[in-house]
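Read through the structure below, which is laid out as structure tokens, and then see the notes.
Computed from the coordinates by the stated procedures, all read-outs in this text should not be read as laboratory data. Source: prediction; values computed, not measured. All Cβ positions, glycine included, derive from the backbone under ideal geometry; neighbour counts span all protein chains shown.
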Amino acid sequence: MTTDTAIKERMNIVIVGHVDHGKSTLLGRLYADTGTLPIGKIEKIQAICKQQGKEFEYAFLFDSFLEEQQQGITIDTARTFFSWGGRQYIIIDAPGHKEFLKNMVSGAARAEAALLVIDALEGVRDQSKRHGLLLSMLGVKQVTVIVNKMDLVGYRQDTFQAIEKEYRDFLSQLNVTPQYVIPASAKLGVNIAQVSPETPWYTGPSVLDSLAHFSLETALAEKPLRLPIQDVYKFDARRILVGRITAGQLKIGDRLVFSPSNKSANIQTIEAFNVDPPPTQAQAGQSVGITLDEQIFVERGQIAAQETDRPLVSTRIRANLFWLGKQPLETRRTYSLRLATREVPCEIAKIHRIVDANNLDDKHTQSTVKRNEVADITLRTKTPIAFDLYANFETTGRFVLVDDYDVAGGGIITELVHDEQESFRTEARERDSVWVKGDITPADRAKQYGHHAAVLLFTGPDTTAKAFLARKLETVLVAERRHAYLLSPENLQRGLDADLQDTKPEEVIRRFGEVIRLLTDTGLLVLCTTNAFQQPTRELIPTIQTLVNPTPLITIHMAKELTGPQPDTDLTFAGPENFDDCTSQIIQLLKSRGLLKEFSGGPSEVQFSI
Amino acid sequence: MKHLRQLEDQSVFILREAYKNFDNLAMLWSMGKDSTVLLWLARKAFFGHVPFPLLHVDTSYKIPEMIEYRDRLAREWRLNLIVGQNKKALAEGMNPSKGRVECCTALKTQGLKQLLEEKGYTGVILGVRSDEDSTRAKERYFSPRDKNNEWDFRDQPPELWDQYKISFPPGTHIRIHPLLDWTEINIWEYIKLENIPFLDNLYLDQGTGKRYRSLGCAPCTYPIDSTSKNVDEVIIELRNTKVAERAGRAQDEGRGMEQLRKDGYM
């Protein structure tokens, strides 16, 4: 047999199943029986086996590490290349041993389809089910089941049927229907490259033929657009936003809205190197670069979408999560959540239950999620994130958690959990979408002023002289020709808030937030004290953040005494203290965030990073 | 062609992740077909720019045409090229006759380690492919190396979807492999598709009935019998061959590669 055909498409397939059920043997046999192994490969392995005094096994063809061959198990996933019928397959051989589940998951996460191997003699085992569950969570929806080692049960149809029924029942609980269930003997080559006479009662395809029945995902481009921004480049005059389109399509002239900032602009060009003529459109799967007709603030992590169908935004999500970390997953510990290109700190708010692959209906709860367990959880992020439900969008509906430098778990989002900010977020989104703008953009103002708009919130108990610090900072900034303005909430009480009773603290904060929003839209650095509010600042800050979003909010806390960094605080001082020093620290922070250009003394000629 | 654009999109995504997440990043360029395709992909990813240095570990035994080609492209494409060499080992007379794995370890692995240490790179992009060698088949796209440059293949971190390993303890670094999913044939198909300049007088038969399939040091790399005179003929030849790509590379014999790679070889 030869593979002398031009490749038209490619597909990644993973082989999974319980340890020792014959995954690597199946892979080796598939290559050997299709004549697709390099010359001398079998002879080389045979010679090594002879030398070590053990029987040749097809599994050795791909278990490449010395240790794997010595132990006779696969430790890590191997990618192997296999071309057949105009399709280039990468077949990923995943380990079946429980200890190497993280490697199995790494392999399966790259796959579009799976072959799940079950030993006919041993039947359905722990990892058979766990792997099935993980495949459904990893997004591998196409599965063909291979009941292997049929030679050991005399090719009995009733044995095969019993396993087929048990496993089909299990998969149906995960809403997965296997494409085929194939009786086979990988060791003897039965039903691998061709249907063999040993199973006259079997009418389906061989393993090789079943591969062609896996179909490629094509519907992604038909979905609403999702473009998670990966980076913003300014190598030359162009300011190019790059990212990989995970769903839908875009073309020049399309209006894009970025979540969660709600900023919007039109696509001016689609940039590409060595493409003539330049592209005018792009679709799901492509890594693209675009420029916009307006210099709005966009950064890595935001998701671009069409105005009519945007991703969800919240600080709380419910998800099914599998945990691979060396330490158990705990509530009240901070992890880093990475969703598409966004990375934010998060905490596990609640562990609802542990999902047992052997008993999917079990309602078992525990306080931690141990390694290799699957759990139903709610998590809370520090700042709002844009996301989708996994059922609607795969890539923006899943995330990983990072613990101690490593990706330690993966999850799929099942539900948006409403948080307290929901109504403010809706208000901000609706207000921004109809906001009437002049011809001057925020970037124009920033260039004129020598700084970006920002909100500086001074928090802390009474008599710490934080208002004094705010006044001092305003004076220093204005002396440096910055456009800074001190706004005390008390200034609103007798005017804008005159109609409000003390019983509506939420409305007081909302109006305060909207006033700040207006002032920052004029390009000002707005300095606010917070004493007039009856509310604790931990409720105040998120609301103002939501209403002024995406203008940066910087929180300066003045404590009575220093007790370490405060949560949600950028700078902490113990007041009253050396105000010159505090002022220069704040200005330094503004510079390090890229909000303030160096003070040059002359008229501003500013280059901005945005 | 569609499969090539898929591979391109994936590699470009990986390169952009690398550029975003590593402050001190570099790419190895050996002038071979793979790392030259990788360099081309970087120009794709960054719109004609290559925003990090290219490293070449020069063993002094390279085929002379390779050096000419290197310097020409570096000039034309305005590359920041950094050449490293284990001068101490060369001064002490290291050469292939002292043992091939020993020579590779000293001049390539050690040469690379010296260069990485000197410059303190935290991310190194390499053009290795899974189908070249069975240990490379088990690599991650983002693969950590410890303080001694060693690869702990027994305990690789999970790699989920497009979320790669981008955080790591001080003193360690990450090897980034954007070409893992490419085959030798894909490389040639892409060279043709994009019209990428390559070392045609080495990779194609010049009338002698021989060509190089894989390039390394002159003493340890042998041409194969082939009459392929253009890229199309190379692709057809490769579709029909069952000889391993690196059959002409002496370092791969026995367990040479597993040991070399564990110790930090590319």
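Could you let me know the centre-to-centre spacing of region B:177-232 and region A:412-426, using Cα atoms, in angstrom? Result: 55 Å between the Cα centres. Take the Cα of A:THR383, go 7 Å toward its beta carbon, and the backbone nitrogen atoms of region A:333-367 under 18 Å from that spot belong to A:334-347. Calculated from the alpha-carbon coordinates, region A:425-592 shows an Rg and a Dmax of 15.9, 48 Å respectively. Identify all lysines with a Cα-Cα distance to B:LYS88 below 16 Å; exclude those on the same chain that are fewer than 8 residues away in sequence. B:LYS88 reaches B:LYS98, B:LYS108, B:LYS113. Taking the inverse of the mean reciprocal distance over all distinct Cα pairs, the Kirkwood hydrodynamic radius of region A:312-419 comes to 13.6 Å.
Need one word for region A:9-211: rounded, prolate or oblate. Basis is the Cα gyration tensor (sqrt eigenvalues a ≥ b ≥ c); a/c below 1.5 gives rounded, then a/b vs b/c decides. Since a/c stays below 1.5, the shape of region A:9-211 is classed as rounded. Determine, at each q value in 0.09, 0.10 (inverse angstroms), the log₁₀ of I(q)/I(0) that the Debye formula gives when each Cα of region A:246-365 is one equal point scatterer. The Cα Debye sum returns log10 ratios of -0.41, -0.49.
Can you give me the distance in nm between label points at A:SER423 and A:GLN501, each placed 7 Å from the Cα along the Cα-to-Cβ direction? Here the modelled spin labels are 1.7 nm apart. Here the relative contact order of region A:181-334, from alpha carbon pairs under 8 Å that lie six or more residues apart, stands at 20 percent. Annotation: chain B has a Kirkwood hydrodynamic radius of 18.9 angstrom, from the mean reciprocal C-alpha pair distance. Normalised by 2.2 N^0.38 Å, where N is the number of residues, the C-alpha radius of gyration of chain A stands at 1.19. Within region B:1-98, the trypsin sites (Lys or Arg not before Pro) that combine a DSSP coil assignment with at most 16 other C-beta atoms in a 10 angstrom radius are B:ARG78. Looking at chain A, the DSSP beta bridges with both ends there are about 65 percent antiparallel. Neighbour counting of Cβ atoms within 10 Å sorts the residues A:PHE512, A:PHE56, A:PHE297, fewest neighbours leading, into A:PHE56, A:PHE297, A:PHE512. Between the C-alpha center of region A:470-493 and that of region A:324-380 there is a gap of 45 Å. From Cα pairs below 8 angstrom and at least 6 apart in sequence, can you work out the relative contact order of region B:184-251, rounded to a whole percent? Dividing the mean separation by the residue count of region B:184-251 yields 34 percent.
Residue-wise HN-Hα couplings along region B:121-127, as the Karplus relation 6.51 cos²θ - 1.76 cosθ + 1.60 with θ = phi - 60° gives them from phi, are 5, 9, x, 10, 8, 10, x Hz; Gly and Pro carry x. Quotient of the Cα radius of gyration of region B:1-81 and 2.2 N^0.38 Å, N being its number of residues: 1.14. Express the relative contact order of chain A as a whole percentage, based on alpha carbon pairs under 8 Å and six or more residues apart in sequence. Reported relative contact order: 9 percent. Counting neighbouring beta carbons within 10 Å and listing from fewest to most, the residues B:THR172, A:THR426, A:THR315 come out as A:THR426, B:THR172, A:THR315.
Using the Stokes-Einstein relation with a Kirkwood hydrodynamic radius computed over Cα pairs, the translational diffusion coefficient of region A:120-224 at 4 °C and a viscosity of 1.567 mPa s comes to 88 µm²/s.
Each of A:ASP276, B:ASP9 was scored by other Cβ atoms within 10 Å of its Cβ. Arranged with the fewest first, they read A:ASP276, B:ASP9. Given their separation in residues at 0.36 nm each and the Cα-Cα distance between them, A:HIS364 and A:ILE39 gain 111.7 nm when the chain is fully extended.
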